[in-house]
Structures are given as C-alpha cells and as structure tokens.
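The values are calculated or read from the model by the stated rules, or taken from the named source; none is laboratory data. Quick caveat, the model's predicted, so the values are computed rather than measured. Here the Cβ positions follow ideal geometry from the backbone for every residue, glycine too, while neighbour counts run over all protein chains shown.
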Amino acid sequence: MARMMKAGKLISVIGDEDTCTGFLLGGIGEMNKERKPNFLVVEKDTSVSEIEETFKSFVQRTDIAVILINQNIAELIRHVIDAHTNPIPAVLEIPSKDHPYDASKDSILRRAKGMFNPDDFR
Amino acid sequence: MDISTVCERLDELIVELFDKLEALTAARKRMDDHLKQGYFNLAKARYSLGVKGVGQIQYAAIMEPLVHVHVSEEDSCSKFNLDRIIPNKSSSGAAKKVSFDDQESKVRRRHTGRGDEENEEQREGSDEEEDDEVAELSSGVEDLELHQVVDPHSLQDPLRWFGILVPPCLRHGQHSFSQVIAMSCQVASLQSQIDQLRLEYRQLLRQKQQLVQQSA
C-alpha cells in the first residue's frame, strides 16, 4: 500500500495561515526525508525572496503536481509565475480570506486573453 | 493544408476554447464557494478553540499525505486525477479485537477441559479449531505489527492535531477543504487544456499567415 501511495504526486500550498491549515486538514501535508514541507505559511514578516525561493523549489521538485497559491501572494512574485509555462506542476491561484479571486489577475486567463491580438485579425 | 481548412480548424479551436473557459469559470466559482465555507468554518473553530487553537502550532512534526495526484497525458494535455486515502481510525480497535478473541479462546479451553470421555473427541476437534484460530490470530498480529512498522504515521487524520474531541465546525471545514482539493484537480486539468488549445491556436494562426503571404 505504501508503494502504491508513493506513485502519486503531491499538492503543495503557499498561503496564509488559514489557507495552509485548511489544506493540511484536507490531507495534503507532507514532510519529506530532508524535513522539507510541501507548504509555506506566509506571515507578515515573510520576505518576498523567501516566497520566490520556495515557489522555485516547488517547481523544481518532481513529486509535486499542483501548486496552490493565494492570489495576493502570487501578485508579489508575478514575474516568476508568468515565467513558469510547463504544464506540470500546474499553478492554481486561489482566493484568501481577505482577498477575493480576481480573474483579470490570473496568469492562465491573461495568457488566454492575450491570444486575441488585434494585429492577428488584420 | 488548405487555407479554408486552417480557418475552419481555427474556428473550431475558438469554440472549444470558449467552452473550456466557461467550464473553468464554473469550476472556479464552485471552488471559491467551498473555500469560503471552509474559511468560515475555520473561523468558527478558532472561536471555539481559542485564537491559538487553530494554527500552525498544532501541525504535526511528521506528516504523510492522504491525497495524491496522478497525472496522465490525454491528447497532449495533462489530466490530474485525485487519489484519496481514508485514514484508518481503528488501528487500536483492531488490536482490541485481537485481544478479545484471545480471551474468548481461553474461556472455551477451560470449558472443554472438564469434559469426560464422550466429549474427548469433541475436545480434540475443538482443540484443532483453536489451534487454527491461534494460528490465524498470531498471523493477524504479525500482519498488524508489520503494517505498523511499514507505515506508522500515514494513518493519522489531521483533525487529531487539534485534539480528540474537535468542534463540528472544524470537521465541516475539513470537508470543505477536501472538496476544494478535489476541485483543484479539475481546475488544473482545465487550465492545462486551455493552455494546449492556446498553443495550437497560435501555431495554426502562424500557419494561416504564411499561407496568406504565399498566396499574395
């Protein structure tokens, strides 16, 4: 059974305390052999570089399939998220308790919107 | 490829893209509703357990994931399938059951010890049964021990981090977040499909421009 479980990939989360607590309650949390978790609780004193580094490390990990990130935190590292174009891991921007989801800020939807360039229709 | 064929394919792609976008918006809406409910339930649980009662202080030092995502390739799109493991809350219950059966067999042995010659054959038969039962039990105990050695922590429900008797709102919050996790796989699959459609569209558009230039 343990081998079967290892075959699947993980969901990671970067978010505020409530978001991380909720998703860990849902059962996504993992602490690997190097004692590295698959989540980052972003607090007031968490620096942007730390968030950026964690996001990059999640992207590089082969055992992660989906990265969930609060949209207000994603805004801080937008350039890194926009640069990530690989389908795996998929990056999902989710609302936080204080910031509702804004589709106009979502990287995927902005890319889809960018398909319709007026120059292409001339 | 003919220019009219390319144009038709472009139109098909646009229709397909808008269908996917509509599905994505609907899935996003459902996911946001579940998230909202989850946050609300967590806030209620915090009200019951105290400000520091629901937070990262309660996280376990050792965590094993209860959900796994299986990624498969379908039509050059990634499909994300969720695999959930339901934590076994009765690991101690199984141990209790084993000890209960053991007691029962001892009592039965005491009864059969009193029998006379007529019951001797029956006793022999029951002894054989008991031996089988003991063998089964011992193998069961071995299995149990082996299971505990292989995977000691993965069976823990994250709710237990917050105590044995947790408020119902925390349980409801867990349920909401579990649904969000399931929805997130659906959203990830749709995003992957949209991205793939976008790439195909861009490629065809470039092809169309080349064909137009050639014909001009």
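With respect to (1) within 7 Å of chain A (Cβ to nearest Cβ); (2) touching a residue at least 60 places away in the same chain (Cβ under 8 Å), the lone exception for B:SER48 is condition (1). Number of residues in segment A:21-42 that are within 7 Å of chain B (Cβ to nearest Cβ) and surrounded by 24 or more Cβ atoms within 10 Å (Cβ to Cβ): the value is 9.
For A:ASP45, the requirement of being surrounded by 21 or more Cβ atoms within 10 Å (Cβ to Cβ) and either part of a strand (DSSP E or B) or at pLDDT 90 or above (or both) is not met. Looking at A:LEU68, is it within 9 Å of chain B (Cβ to nearest Cβ), touching a residue at least 40 places away in the same chain (Cβ under 8 Å) and aliphatic (A, V, I, L, M)? Yes: the conditions hold for A:LEU68. Just a yes or no: is a residue in segment A:85-97 away from chain B (no Cβ under 11 Å), in contact (Cβ under 8 Å) with a residue 12 or more places away in the chain and not hydrophobic (A, V, I, L, M, F, W, C)? No; the residues of segment A:85-97 include none that is away from chain B (no Cβ under 11 Å), in contact (Cβ under 8 Å) with a residue 12 or more places away in the chain and not hydrophobic (A, V, I, L, M, F, W, C). Screening the candidates B:LYS106, B:LYS79 for the property of being modelled with pLDDT under 90 and not in a helix (DSSP H, G or I) yields one hit, B:LYS79. The helices (runs of 4 or more DSSP H) located wholly in segment A:63-122 that include 1 or more residues which are within 18 Å of A:ASP16 (Cβ to Cβ) occupy A:71-74, A:78-83.
Scanning segment B:3-33 for residues that are of a type in the set (Val, Ile, Thr) and either exposed (fewer than 13 other Cβ atoms within 10 Å of the Cβ) or modelled with pLDDT of 90 or more (or both) returns B:THR5, B:ILE14, B:VAL15, B:THR25. Scanning segment B:20-28 turns up at least one residue that is out of contact with any His (no Cβ under 6 Å at 6 or more places or on another chain), within 30 Å of B:VAL166 (Cα to Cα) and in a helix (DSSP H, G or I). State which residue is nearest to B:VAL212 (Cα to Cα) when the search covers only segment B:1-29 and only residues that are within 24 Å of the chain's Cα centre (by Cα) and more than 12 Å from chain A (Cβ to nearest Cβ). Once the filter is applied, the top-ranked residue is B:ALA23. At pLDDT 90 or above, assigned to a helix (DSSP H, G or I) and touching a strand residue (DSSP E or B) at 6+ places or on another chain (Cβ under 7 Å) - does that describe any residue in segment B:197-207? No: zero hits. Applying the set (1) closer than 19 Å to B:ILE85 by Cβ; (2) at pLDDT below 60 to B:ARG160 leaves exactly one unmet item: (2).
Listed here are the residues, each with its yes/no results for (1) of a type in the set (S, T, N, Q); (2) over 16 Å from B:VAL71 (Cα atoms); (3) touching a residue at least 60 places away in the same chain (Cβ under 8 Å).
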residue: A:ILE11; (1), (2), (3): no, no, no
residue: A:GLY15; (1), (2), (3): no, yes, yes
residue: A:CYS20; (1), (2), (3): no, yes, no
residue: A:GLY26; (1), (2), (3): no, yes, no
residue: A:LYS44; (1), (2), (3): no, yes, no
residue: A:VAL48; (1), (2), (3): no, yes, no
residue: A:GLU53; (1), (2), (3): no, yes, no
residue: A:THR62; (1), (2), (3): yes, no, no
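Criterion applied to B:SER92, B:SER48 was being at pLDDT 85 or above and part of a helix (DSSP H, G or I), and the one residue passing it is B:SER48.
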